[in-house]
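Below is one structure, written out as structure tokens; comments come after it.
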Amino acid sequence: MLADYAVRAEQSRGRRFPEPQHPYRNDFQRDRDRVIHARAFRRLEAKTQVFTRRYSDHFRNRLTHTLEVAQIARTVAAALCLNVDLVEALALAHDIGHPPFGHAGEKALDGAMREHGFTFDHNLHALRIVEDFEIRYAAFRGLNLTFEVREGIIKHSRDYDPKKFPQLSEYLLDQRPPLEAQLIDLADEIAYNTADLDDGFEARLLSLDDIRTGLPIFEHFYREVDSIYPTAQDKLKFNETIKRILDRMVGDFIENTKHALRAQGIQSLDTVRQHPTRLVGLSAEVEEERRANKQFLYDQLYFSPALSEEKDDAEVVVKALFAYWMEQPAALPHNYQEKAREEPLPRIICDYIAGMTDHFIYEQYDRFCGH
């Protein structure tokens, strides 16, 4: 049973190119399946989340991270009686616009674009992917996703000023996205805040003592676990602690959002869209724990000297290739040369680089930059 404020597939605003209804899948289920079968989705397997394979094959990549976000998002959506099919489609698509090398690659690509008067936004790039780059169907370019999925791709994590982004006017920029889209960003944060602790510990870049000292919520649950399993291995105690932190955050996410919806008298999708603020979130206490967790990761992991080599690589490789193709556009693949006749060259080069996997961009760097 869907809540009154949930999005219903039968009330979708539809697709850019009308298609007949499928006999046994609703429109959002079809969108989910189209994302899963997209080339951009498959390439996430070879894109860095935080750690490259220099450390281990066991760490998260963009694809495994995406699957974890989808699992959390589905749990929250089901508990809130939202449209789980729409939520799953959005969760699976939420990172397909990311370039190689993780956030370092995104920063380097944005920097290269700004030198030519443009910017890079992975959400807007994801929209370009699903509307144009994916070529799977004879009747149209792109995946022809429903309006609600396309809207959620760009609006799940931020609001866009209608005056600054007139090209996005069809996506109701003066309104809030549905709750199904609103919950994706927090599900994403919960997923990587806990997963990055796990991978950082596994990589031995974070010690158990450092985490216990630096994160009070971790220490609280670790003591609880230690009292229950005093003879267990440290790694198993660590796993049990992370599980409890994850459960606390997701449980609070659900209950706090339920409370907010009741307190604000939200009874329809329209009241969600017209509300002055987003409605999903954590309680003040757990939000502070989330912030502390994130800050700990920034201080102790993301900017650690051990990861600086990968960040340096991202900046050098991305900027060198960008500069090369600006000077030698004839060296771009033929289809990108054709696109450059219709759109600015920096945007086309950005599109090409953003779609690359980590190992492919190294191959291109070796080929064209001679290193």
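Any read-out appearing in this document is the output of simple, stated calculations on the displayed coordinates, not a laboratory observation. None of the values given here were measured: they were computed from a predicted structure. Neighbour counts are summed over all protein chains in view; Cβ atoms, including those assigned to glycine, are modelled from backbone coordinates with ideal geometry.
What the table below lists for this structure:
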{"read-out": "Two-decimal log10 I(q)/I(0) for the stretch 149-196, as the Debye equation yields it once each C-alpha is a single scatterer, q = 0.15, 0.20, 0.27, 0.30 Å⁻¹", "value": "-0.43, -0.66, -0.95, -1.08"}
{"read-out": "Inter-centroid distance (Cα atoms) of the stretch 204-248 relative to the stretch 118-167, Å", "value": "40"}
{"read-out": "Within a Gaussian network of the chain (alpha carbon springs, distance under 10 Å), most fluctuating of 73, 40, 203", "value": "203"}
{"read-out": "Identified option (computed volume of the Cα convex hull per residue in Å³; candidates [x] 153; [y] 203; [z] 211)", "value": "[x]"}
{"read-out": "Part-to-part distance (alpha-carbon centres) for the stretch 1-73 and the stretch 289-330, which is given in Å", "value": "26"}
{"read-out": "Dipole of the stretch 309-369, positive direction: furthest Cα of 321, 362, 334, with charges on the beta-carbon", "value": "334"}
{"read-out": "Selection of GluC sites (Glu not before Pro), the stretch 322-371, meeting DSSP coil and at most 11 other Cβ within 10 Å", "value": "342"}
{"read-out": "Stokes-Einstein translational diffusion, the stretch 127-215 - Kirkwood Rh over all Cα pairs, 0.890 mPa s, 25 °C, in µm²/s", "value": "153"}
{"read-out": "Chymotrypsin sites (Phe, Trp or Tyr not before Pro) restricted to the stretch 7-102 and DSSP loop, no more than 16 other C-beta within 10 Å", "value": "24"}
{"read-out": "Estimated 222 nm signal from helices in the chain, with DSSP H stretches of n ≥ 4 weighted -39500 (n - 2.57), rounded to 500", "value": "-18000 deg cm²/dmol"}
{"read-out": "Peptide ranges 290-298, 153-161 listed from the most packed, as the mean C-beta count within 10 angstrom indicates", "value": "153-161, 290-298"}
{"read-out": "For the stretch 309-369, Kirkwood radius (reciprocal of mean inverse C-alpha pair distance, Å)", "value": "11.8"}
{"read-out": "Lys pairs, the chain - Cα-Cα below 14 angstrom, 8 or more residues apart or on other chains", "value": "5"}
{"read-out": "Gyration tensor over alpha-carbon atoms, the stretch 70-200, equivalent ellipsoid semi-axes in Å", "value": "23, 21, 16"}
{"read-out": "Net charge dipole size for the chain [Lys, Arg +1 and Asp, Glu -1 on Cβ; Debye, nearest 20]", "value": "840"}
{"read-out": "In the stretch 60-133, GluC sites (Glu not before Pro) in a DSSP loop with at most 16 other beta-carbon atoms within 10 Å", "value": "115"}
{"read-out": "Residue 299-residue 255 FRET efficiency (beta carbon distance; Förster radius 30 Å; 0.05 resolution)", "value": "0.50"}
